[in-house]
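Q: Here you go, one structure.
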């Protein structure tokens, strides 16, 4: 049986490797079959076939039929999909339980203490880094927002406002409740009006459409900014993070000048 390589790659989305995908596909085409037959039609080496079929059985993709010769029965793909979804959810729940327990574990307290002691020994000029991929930059911004003590400044694009409203809304709400001053500057259009209305309830929001800048500045000292326009693949987006009052204060001074020239956006 000849199966297109692209088709096999898509089947891997079920959490299978190449041999598993080939044997499962072969069995689906036969309904019931022996290991030798499946090896022949799938081009999986016989030396590996039994191990791979055992793996598929453990993953609940197939059933081993009792008797001689041993045969295997295919399970309906719709049922397999539901089982895979349940397995992924169960695994995620278990991992979340482990992470939650670590919050109160002594090892986390010791790691946190080590980090604080280590940071005290670091030269301020070394507190900087670069990030490849928009998600990684946003993860850093999220951490900054969660730990903000006095101020959060965000300048972004039309689409960037929508993304940040979605990704950071809970952390911005918590920061607002802590009394943190939040200022956001971005182009406000019908495309992001709903997000602008929400953000205007927890921050000062101004419409700024003539300056292309993408950054987040926290407490006047910690700055994360993106180096490129957003019209690129998110995986190629690149950002820089610095933790230095000297550079951050210069950016804040420029932001303050722009801020003075625009009116606060009032929600509709």
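Q: Hey, can you tell me all the residues within region 183-205 that are in a helix (DSSP H, G or I) and crowded, with 18+ Cβ neighbours inside 10 Å? Break it down stepwise before answering.
A: Going residue by residue through region 183-205, those that are in a helix (DSSP H, G or I) are 190-200.
Selection gives 192, 195, 196, 199, 200.
Q: Taking region 14-53, which residues are closer than 21 Å to residue 86 by Cβ and assigned to a helix (DSSP H, G or I)?
A: Within region 14-53, the subset closer than 21 Å to residue 86 by Cβ is 14-17, 20-21, 24, 28.
If the condition is that a residue be closer than 21 Å to residue 86 by Cβ and assigned to a helix (DSSP H, G or I), then 14, 20, 21, 24, 28 are the ones that fit.
Q: I would also like to ask the following. For region 145-182, enumerate the residues that are closer than 21 Å to residue 212 by Cβ and in a strand (DSSP E or B).
A: Within region 145-182, 152, 153, 154, 155 meet the criteria.
Q: Which count do you get for residues in region 57-71 that are free of Cβ contacts under 8 Å to residues at least 40 places away in the same chain and either surrounded by 10 or more Cβ atoms within 10 Å (Cβ to Cβ) or touching a strand residue (DSSP E or B) at 6+ places or on another chain (Cβ under 8 Å) (or both)? If you could, list the steps in order and put the result at the bottom.
A: As a first pass, look at region 57-71 and keep what is free of Cβ contacts under 8 Å to residues at least 40 places away in the same chain: 57-58, 60, 62-71.
This time we only want the ones that are either surrounded by 10 or more Cβ atoms within 10 Å (Cβ to Cβ) or touching a strand residue (DSSP E or B) at 6+ places or on another chain (Cβ under 8 Å) (or both), so: 57, 60, 62-65, 69-71.
Of the residues in that region, 9 qualify.
Q: Shifting gears a bit: For region 34-52, name all the residues that are touching a helix residue (DSSP H, G or I) at 6+ places or on another chain (Cβ under 6 Å), buried (at least 16 other Cβ atoms within 10 Å of the Cβ) and either closer than 12 Å to residue 72 by Cα or modelled with pLDDT of 90 or more (or both).
A: Once the filter is applied, which keeps residues that are touching a helix residue (DSSP H, G or I) at 6+ places or on another chain (Cβ under 6 Å), buried (at least 16 other Cβ atoms within 10 Å of the Cβ) and either closer than 12 Å to residue 72 by Cα or modelled with pLDDT of 90 or more (or both), region 34-52 yields 35, 38, 39, 44, 49, 52.
Q: A further question on this structure: Please identify the pairs in which a residue from region 83-96 that is touching a residue at least 24 places away in the same chain (Cβ under 8 Å) has its Cβ atom under 7 Å from the Cβ atom of a residue that is assigned to a helix (DSSP H, G or I), counting only partners at least 6 apart or on another chain.
A: 84/14
Q: Kindly check whether there is at least one residue in region 254-263 that is crowded, with 17+ Cβ neighbours inside 10 Å and either assigned to a strand (DSSP E or B) or at pLDDT 85 or above (or both). Talk me through it step by step, then tell me what you get.
A: Going through region 254-263, the residues crowded, with 17+ Cβ neighbours inside 10 Å turn out to be 255, 259.
If we keep only those that are either assigned to a strand (DSSP E or B) or at pLDDT 85 or above (or both) as well, we get 255, 259.
Yes, region 254-263 contains at least one residue that is crowded, with 17+ Cβ neighbours inside 10 Å and either assigned to a strand (DSSP E or B) or at pLDDT 85 or above (or both).
Q: Name the residues in region 236-251 that are surrounded by 19 or more Cβ atoms within 10 Å (Cβ to Cβ) and in a helix (DSSP H, G or I), would you?
A: Matches in region 236-251: 248 only.
Q: What number of residues within region 185-231 satisfy the criterion of being within 23 Å of the chain's Cα centre (by Cα) and under 17 Å from residue 144 (Cα atoms)?
A: 10
The values are calculated or read from the model by the stated rules, or taken from the named source; none is laboratory data. Worth saying up front: this structure is predicted, and the values here are computed from it rather than measured. Methodologically, a virtual Cβ is constructed for each residue, glycine included, from the backbone with ideal geometry; neighbour enumeration extends over all protein chains shown.
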